[in-house]
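The structure appears right after this line, and notes come after that.
Every number in this text was worked out from the coordinates using simple rules, so none of it is lab data. What you see is a predicted model, and the numbers here were worked out from it, not measured in a lab. Cβ: placed from backbone, ideal geometry, glycine included. Neighbour counts: every protein chain shown.
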């Protein structure tokens, strides 16, 4: 069973782009969606995808408030 | 601020009463970015370095530098005196000498285009989006729009649908940025009034705050979608919003 971090990396690879190019993965788990430079519209869509993938309630704001992708993975593990 | 190449890369786009909206050209340009970086303070330069990709890095530097230039001019202060604080949902505000400065502003950028709105007082929010035909609109339509908005979108196809999608999005984002709530506010829980969907100006009240009225102006055109929202009744928008 892939870890939450691995599944997050897959979601990023399959869905997030910056300036028309896919985000290169693996992204440093100490980085964040803000540092990647994900547009607000894509953050909202990504939050929705996380909800669907992990069956977790996650507001778009939490995607950017959580300081790192590690914290995002920990939030998912704690709430799914 | 120097304009490398002798061409202005930002300028005023719209005046609405006391509100000014500046447009910033975010086209890749090493000289502009180098000039802009000189305006950023140490913490902003750290923030600039944290971006993993050149596009977001450039957009942040250029918009923040123009914002600093505009605010310094309006406030009559030196760039070194100007700092920024952040509200509980991340909305920035200007600070001079440890005190909030008497100015309201908001910034948005998308791809090669930035908008900066500012006024002496009154809450305001601005959003700009370049049309992206590759975006998964259906996922977002089901996430951020209410029933009658979805019904309106379902009747449209092609660029008509794209236009309305981005128009509604920018109106919603401008409104939640104006309040300072940002995406702590679920944008699916309110709808853009039908009159505003069809026109370019109008008023709006959030269902949970029916006594507080906001004015909205759509700024979009063939090239991009953009909206500004500001407090109705404040001096910010005057009487012509």
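Scan region B:128-143 for residues that are in contact (Cβ under 8 Å) with a residue 24 or more places away in the chain and part of a loop (DSSP other than H, G, I, E, B) and jot them down.
Of everything in region B:128-143, those that are in contact (Cβ under 8 Å) with a residue 24 or more places away in the chain and part of a loop (DSSP other than H, G, I, E, B) turn out to be B:131, B:133.
For region A:63-79, give me the residue count where each residue is in contact (Cβ under 8 Å) with a residue 12 or more places away in the chain and at the interface with another protein chain (Cβ under 9 Å from one of its Cβ atoms).
2
Give region A:33-62 a look and list any residue that's more than 9 Å from chain B (Cβ to nearest Cβ), farther than 17 Å from residue B:57 by Cβ and surrounded by 20 or more Cβ atoms within 10 Å (Cβ to Cβ), or say none.
A:46, A:50, A:58, listed by residue number.
With the requirement that a residue be within 14 Å of chain A (Cβ to nearest Cβ) and in contact with a helix residue (DSSP H, G or I) (Cβ under 7 Å, 6 or more places away or on another chain), what does region B:17-43 give you?
Across region B:17-43, the qualifying residues are B:26, B:28.
Here are the criteria: (1) touching a helix residue (DSSP H, G or I) at 6+ places or on another chain (Cβ under 9 Å); (2) surrounded by fewer than 20 Cβ atoms within 10 Å (Cβ to Cβ); (3) under 24 Å from residue B:125 (Cβ atoms); (4) away from every other protein chain (no Cβ under 13 Å). Tell me which single one residue B:85 does not satisfy.
(1) is the only condition that residue B:85 fails.
On the basis of being exposed (fewer than 15 other Cβ atoms within 10 Å of the Cβ), touching a helix residue (DSSP H, G or I) at 6+ places or on another chain (Cβ under 7 Å) and within 14 Å of chain A (Cβ to nearest Cβ), does residue B:127 make the cut?
Against the criterion (exposed (fewer than 15 other Cβ atoms within 10 Å of the Cβ), touching a helix residue (DSSP H, G or I) at 6+ places or on another chain (Cβ under 7 Å) and within 14 Å of chain A (Cβ to nearest Cβ)), residue B:127 does not qualify.
For region B:51-127, which strands (runs of 3 or more DSSP E) that fit wholly inside it have 2 or more residues that are more than 23 Å from residue B:169 (Cα to Cα)?
Numbers: elements: B:82-86, B:92-96, B:104-110, B:113-119.
Per the criteria, B:82-86, B:92-96.
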